């Protein structure tokens, strides 16, 4: 929405396609901003941030990273996707959420002082929004300063287990993270699939057009570190039943 409201030309490069990205960069004149996610919210795969940051540096482009799903999940102590790829200093503006990996509420922007000052002084959504309650900020800071690596390792144990079991029941996914989409196809089928899961004790909502492309409707599963192995096994058993019922490959 911000890109559209800016009035500037928007060019979308093919998903994780560095050749297409560089071609679009070279064909676009004037100042440029390069915006990407760390972990893609609908597919659960990772941005090729090492390659993207190289291209941005090569062409002198300001890089903005939305790491809402990578923050507190990837990198040392959960410092995010840029930390994982060792390109933190190449990211000009870092945007993230406190409601995903941290389990709180709100979000934040950080980066070069000149850019942050620009956001503070010109962003209407910031200027005309009330500050978060002190209790929320205090909770977020407490969570931020807790033993994040311990919880991150626990989360990845659950993620890896879930992926392993999905592979064993031959249920395909493109994900390499805690966000695991099960592609259903038709919107109606995705809604029925979601209802079947809900009727069997699993809450996983259907994601439909226009959030994703037509006929690419899906169920999006989000793994947390607090899931027990028994809960994961129950989920897999229900997914296997759903796979047979809806004849998924």
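The values are calculated or read from the model by the stated rules, or taken from the named source; none is laboratory data. These figures come from a predicted structure and were not determined experimentally. Cβ atoms come from the backbone with ideal geometry, glycine included; neighbour counts cover every protein chain shown.
Here is how the numbers come out for the structure above:
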{"read-out": "Which numbered condition residue 196 fails, given (1) in contact (Cβ under 8 Å) with a residue 40 or more places away in the chain; (2) closer than 22 Å to residue 16 by Cβ", "value": "(2)"}
{"read-out": "Hey, residue 169 loosely packed, with under 15 Cβ neighbours inside 10 Å, closer than 22 Å to residue 207 by Cβ and modelled with pLDDT of 90 or more or not", "value": "yes"}
{"read-out": "Scope segment 215-249; condition within 25 Å of the chain's Cα centre (by Cα) and free of Cβ contacts under 8 Å to residues at least 24 places away in the same chain; matching residues", "value": "226, 228, 231"}
{"read-out": "Test: residue 177 is buried (at least 17 other Cβ atoms within 10 Å of the Cβ), farther than 19 Å from residue 45 by Cα and in contact with a strand residue (DSSP E or B) (Cβ under 8 Å, 6 or more places away or on another chain)", "value": "no"}
